[in-house]
Amino acid sequence: MKMMKLTYLLAFALAVTLADTGCKNHRPVKVTQIPGRSSMVGEPGVGGTMNVGETGGGSTASLTDFEGMAADHTALAAYTAYFAYDSAAVRKSEGSKIQAVASALNSDSSAKLLIEGNCDERGTEEYNRALGERRALALRQALAKAGVDPMRIRTISYGKDKPVDPANNEAAWAKNRRGDFVLLHPKSGS
Amino acid sequence: MKNNHLNFLRTGLACLLAAGALNLSRGQDEIQVQKQINVLGQTKPILVSLDGFSGEVADVLKFDLYVQGFSFVVPDAAQYQISGTSAGSVQGRVVDRFAKSTILSRSYTGTSLRRQAHAFADDIVQAITGKKGIAQTKIAFKAQSSTGNGEIYVADFDGYNKQSITHDDTIVAAPAWVPGRLAIYYTSYKRGNPDIFYHNLSTGQRRVVAGYSGLNTSAAVSPDGSKVAMILSKSGSPNVWVCNADGTDLKRLTTSSEDSSPCWSPDGQWICFATKIADRRVLAKVPAGGGAMQRIPTPGAPNPTEPDWSPDGKWIAFTSQTGEFDICVLPANGGTPTVLVAGEDSSWSPNSRTLIFTRRAGGRRVLSVLDVFTKQVKDIAQISGSDSQPAWAR
């Protein structure tokens, strides 16, 4: 009974939500636009903010501190760090890259950093989404050791959704197991 | 010994795990008891014949019945003879050839021949097995283009009548239904970060329930719809957290460093997830209200991820990785998992008999449905792109 009821409900609501949009235009008219992160600050029952002072040395920085910054994807592109299969350990071979990124941040106190964690295609999607985050967090930790304030660094995981090489071989996988460094500048005039 | 086995059969034991332990006499008795013996991956299909239907109705009936453990033979070899017509509307009947009786006879009306055929398929399954069928159920999934961006879709379980419920052209992930409700949680990168959204499909309204710094993903809704388990990295590592349906009362449940993919036990008491203990990837469970983590052994099935607890509480399906991926099913109270087919990221049907999962086909990913007892499997309808992360509405 319950299942049948749900089915009817589903059919009905999908019809309500979607039918009035017509066949050609699949965009439902009723989808609520999601506000930007800043407008959600202080809204009850909604995520989007966190206390910067939250306990735990590993605490991540507040996303609102990074709002409105301009992303420079090329400045640190030479320092992309690579990982072993199914590992989030920062390899010794990547040490000089960490130092170079740390130098760039230390020479410009207004700059911040976004670390993008990525995975090869071997691994289920949500496992890889967590693995990509662990890679980005490990690089953040390594930069903290190199003297960068971790509150200047935010992380994002793309899991296996953003491979640089979509091929299905070891050479491609090695290129995809990576952490990209994106330099963030305050937008001029702000 | 034989008497013991027959007692098992008479009491209708649904699942007999000792594969091959039965040695039944051949002939009519064997066929008649088949529906009562379900062994993961080893159950023989129920033999039916199908006559009088054409076109879409015949296709729908064949698909719906095949993926629920039926196999098609000529009328003289069938235990159940299914016949009828699809001219104008669907009319059908089912005759039990051995009992020599008609167990179903019905005419269908409704929006389309396709819907009528699904309704008939559900009636066939109910009449023959006594169990509720899956022919009129819905799924949600992620459809991805070559850019990596995608949308969340809702469709009939066979992939037809699919509708995009997001239109953000961004990375999306991990749709999860609210049980018995027209609402879905999913991950979207729309705001430049993987955040968890709640989306009411009746009103189209949606909002962020977890938008913390770092990873917010893998939402799983409790059976009563009141709580959401998820993976957040806001404390410095990906861990299992739980909150109210609206995002309030957030609580961290695990402190291990490599957690992913939570799911709920149907009694709402446990949250099962993938983690790493002593340098090995394992499944574990933690009390939903907080408490000590317990390992769930999966002997013979290494590197388990993406668990999903069956709605009847009996099984945990998961993905094992040995190089390639396999769909495995483990008795929820412990035991040895059965490796069923190649694939990943499975989700249980509401009747706990069928799984929908992702299969890699060349450079694409397609969705496939699997009858866990007969191991009969078929891809659902797909037009282009890659479909993955299916979630069965239940």
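The condition of being within 30 Å of B:Ala229 (Cα to Cα), in contact with a Lys or Arg (Cβ under 9 Å, 6 or more places away or on another chain) and of a type in the set (Gly, Ala, Ser) holds for only one of B:Ser105, B:Ser145, B:Ser164, that being B:Ser164.
Listed here are the residues, each with its yes/no results for (1) free of Cβ contacts under 8 Å to residues at least 24 places away in the same chain; (2) more than 22 Å from B:Val369 (Cα to Cα).
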| position | (1), (2) |
| --- | --- |
| B:Ser54 | no, yes |
| B:Phe63 | no, no |
| B:Val73 | no, no |
| B:Gln79 | no, yes |
| B:Gly84 | no, yes |
| B:Ser107 | yes, yes |
| B:Thr111 | yes, yes |
| B:His118 | no, no |
| B:Ile139 | no, no |
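Residues in the stretch B:235-253 that are of a type in the set (Ser, Thr, Tyr) and surrounded by fewer than 23 Cβ atoms within 10 Å (Cβ to Cβ): 2 in all.
Only one entry of A:Ile98, A:Ile156 meets the criterion of being within 21 Å of B:Gly236 (Cα to Cα) and more than 14 Å from chain B (Cβ to nearest Cβ), and that entry is A:Ile98.
Okay, residues lined up against (1) closer than 22 Å to B:Gly133 by Cα; (2) without any contact (Cβ under 8 Å) to a residue 40 or more places away in the chain; (3) out of contact with any Pro (no Cβ under 8 Å at 6 or more places or on another chain); (4) charged (D, E, K, R):
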{"site": "B:Arg295", "(1), (2), (3), (4)": "no, yes, yes, yes"}
{"site": "B:Pro302", "(1), (2), (3), (4)": "no, yes, yes, no"}
{"site": "B:Ser320", "(1), (2), (3), (4)": "no, yes, no, no"}
{"site": "B:Pro337", "(1), (2), (3), (4)": "no, yes, no, no"}
{"site": "B:Trp348", "(1), (2), (3), (4)": "yes, no, no, no"}
{"site": "B:Ser388", "(1), (2), (3), (4)": "no, no, yes, no"}
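Of the numbered criteria (1) closer than 12 Å to B:Pro307 by Cβ; (2) surrounded by fewer than 18 Cβ atoms within 10 Å (Cβ to Cβ), the one B:Ser265 fails is (2).
Of all residues in the stretch B:124-143, those that are over 20 Å from the mean Cα position of the chain (by Cα) and surrounded by fewer than 22 Cβ atoms within 10 Å (Cβ to Cβ) total 1.
Within the stretch B:42-58, the residues that satisfy the criterion of being farther than 27 Å from B:Thr111 by Cα and either of a type in the set (Asp, Glu) or assigned to a loop (DSSP other than H, G, I, E, B) (or both) are B:Gln42, B:Thr43, B:Lys44, B:Pro45. Looking only at residues of the stretch B:354-380 that are modelled with pLDDT of 95 or more and in a loop (DSSP other than H, G, I, E, B), we find that the one that is nearest to the other protein chains (Cβ to nearest Cβ) is B:Ile380. Total residues in the stretch A:95-137 satisfying the condition of being under 24 Å from B:Ala174 (Cα atoms) and small (Gly, Ala, Ser): the figure is 5. Only residues that are facing chain A (nearest Cβ under 9 Å) and of a type in the set (A, V, I, L, M) were counted across the stretch B:147-171, and they come to 3.
Residues of the stretch B:223-234 that are surrounded by 21 or more Cβ atoms within 10 Å (Cβ to Cβ) and part of a loop (DSSP other than H, G, I, E, B): B:Ser233, B:Lys234.
All conditions but one from (1) assigned to a strand (DSSP E or B); (2) farther than 30 Å from A:Ala167 by Cα apply to B:Gly334; the one that does not is (1).
So for the stretch B:305-313 (the condition being at positive phi, in the same structural domain as B:Ser233 (by TED's automatic domain parsing) and in a strand (DSSP E or B)), does at least one residue qualify? Within the stretch B:305-313, one or more residues are at positive phi, in the same structural domain as B:Ser233 (by TED's automatic domain parsing) and in a strand (DSSP E or B).
Number of residues in the stretch B:375-394 that are buried (at least 22 other Cβ atoms within 10 Å of the Cβ) and touching a helix residue (DSSP H, G or I) at 6+ places or on another chain (Cβ under 8 Å): the value is 4. Just one of (1) more than 10 Å from chain A (Cβ to nearest Cβ); (2) crowded, with 24+ Cβ neighbours inside 10 Å; (3) in a loop (DSSP other than H, G, I, E, B) fails for B:Ser256. It is (2).
Among the residues of the stretch B:180-213, those identified as within 7 Å of another protein chain (Cβ to nearest Cβ), surrounded by 20 or more Cβ atoms within 10 Å (Cβ to Cβ) and over 28 Å from B:Ser235 (Cα atoms) are B:Leu182, B:Leu201. Scanning the stretch B:217-243 for residues that are of a type outside the set (Val, Ile, Thr), more than 15 Å from B:Thr255 (Cα to Cα) and within 7 Å of chain A (Cβ to nearest Cβ) yields a single hit, B:Ser218.
The values are calculated or read from the model by the stated rules, or taken from the named source; none is laboratory data. Because the structure is a prediction, the values reported are computed rather than measured. All Cβ positions, glycine included, derive from the backbone under ideal geometry; neighbour counts span all protein chains shown.
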